[in-house]
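Trainee: Take this structure first; my questions come after.
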């Protein structure tokens, strides 16, 4: 099983479920050719998709169009069900930086046929993940600069204040459907600017006050 590291205590926590949010920035929803969602769009990644900061992202032979999506990630610190929005942030152990790597060609095929996105979103190395910083050290997770460069050229740059559904809303919504557990990870959605990567590309992502993530594509 994959693990997460919570800083500065250097505490190791086993990663449990990985919940991801689609189209949680309006400009990204537009660039994907869809409407702004009325409620959170949720999909899952398997634990096996996680790669730690610095490890390689492997492009599978069965895709010819892999896209990068940088995201603020949330590490759940305790069990909860039907969590009120007013209490949701107290369930967070830490915040990190993640990449939701996506087989855009396989996702498009799945959408066209009405099939799930599991292959497009859950393949091995599709969930690069940084260490997490303790939630108490992040005064406002809804005002963080988020950016990603590929080979030194900036492709994504936004602020978490542009989320459609804030983190407390997402946690409350998820917990009304799933029991959240310590070690669950939430990918909160990506801003606009997603694009294709190819073998040899170097990806560097940063969220101000949270950390950086660095990966090479193979």
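Trainee: If I go through segment 123-147 residue by residue, how many of them are under 20 Å from residue 23 (Cα atoms), touching a strand residue (DSSP E or B) at 6+ places or on another chain (Cβ under 6 Å) and surrounded by fewer than 22 Cβ atoms within 10 Å (Cβ to Cβ)?
Mentor: Going through segment 123-147 one residue at a time, the tally reaches 3.
Trainee: Filter segment 56-75 down to residues that are touching a residue at least 24 places away in the same chain (Cβ under 8 Å) and either surrounded by fewer than 15 Cβ atoms within 10 Å (Cβ to Cβ) or over 17 Å from the mean Cα position of the chain (by Cα) (or both) and give me whichever is nearest to residue 142 (Cα to Cα). Show your work before the answer.
Mentor: Filtering segment 56-75 down to residues touching a residue at least 24 places away in the same chain (Cβ under 8 Å) leaves 56-60, 62-75.
From what is left, the residues that are either surrounded by fewer than 15 Cβ atoms within 10 Å (Cβ to Cβ) or over 17 Å from the mean Cα position of the chain (by Cα) (or both) are 56, 58-60, 62-65.
On the way: 56: 29, 58: 31, 59: 32, 60: 34, 62: 37, 63: 34, 64: 34, 65: 31 Å.
Checked segment 56-75; the qualifying residue nearest to residue 142 (Cα to Cα) is 56.
Trainee: Taking the criterion of being assigned to a strand (DSSP E or B) and free of Cβ contacts under 8 Å to residues at least 60 places away in the same chain, would at least one residue in segment 37-50 satisfy it? Quick ask: steps written out before the conclusion?
Mentor: First, the residues of segment 37-50 that are assigned to a strand (DSSP E or B): 41-45, 50.
Next cut, free of Cβ contacts under 8 Å to residues at least 60 places away in the same chain only: 41.
Within segment 37-50, one or more residues are assigned to a strand (DSSP E or B) and free of Cβ contacts under 8 Å to residues at least 60 places away in the same chain.
Trainee: Being within 15 Å of residue 18 (Cα to Cα), loosely packed, with under 15 Cβ neighbours inside 10 Å, over 18 Å from the mean Cα position of the chain (by Cα) and in contact (Cβ under 8 Å) with a residue 12 or more places away in the chain, is that true of even one residue in segment 79-98?
Mentor: The answer is yes; a qualifying residue exists.
Trainee: Show me the strands (runs of 3 or more DSSP E) entirely contained within segment 60-171 in which 2 or more residues are over 21 Å from residue 194 (Cβ atoms). Steps first, answer last, please.
Mentor: Details: elements: 66-68, 70-76, 92-99, 127-129, 132-134, 145-150, 153-159.
Output list reads 70-76, 92-99, 132-134.
Values quoted throughout were computed directly from the atomic coordinates according to the rules given, and no laboratory measurement underlies them. These numbers were taken from a predicted model, which means no experiment stands behind them. A quick note on method: Cβ atoms are made from the backbone with ideal geometry, for glycine too, and the neighbour counts reach across all protein chains shown.
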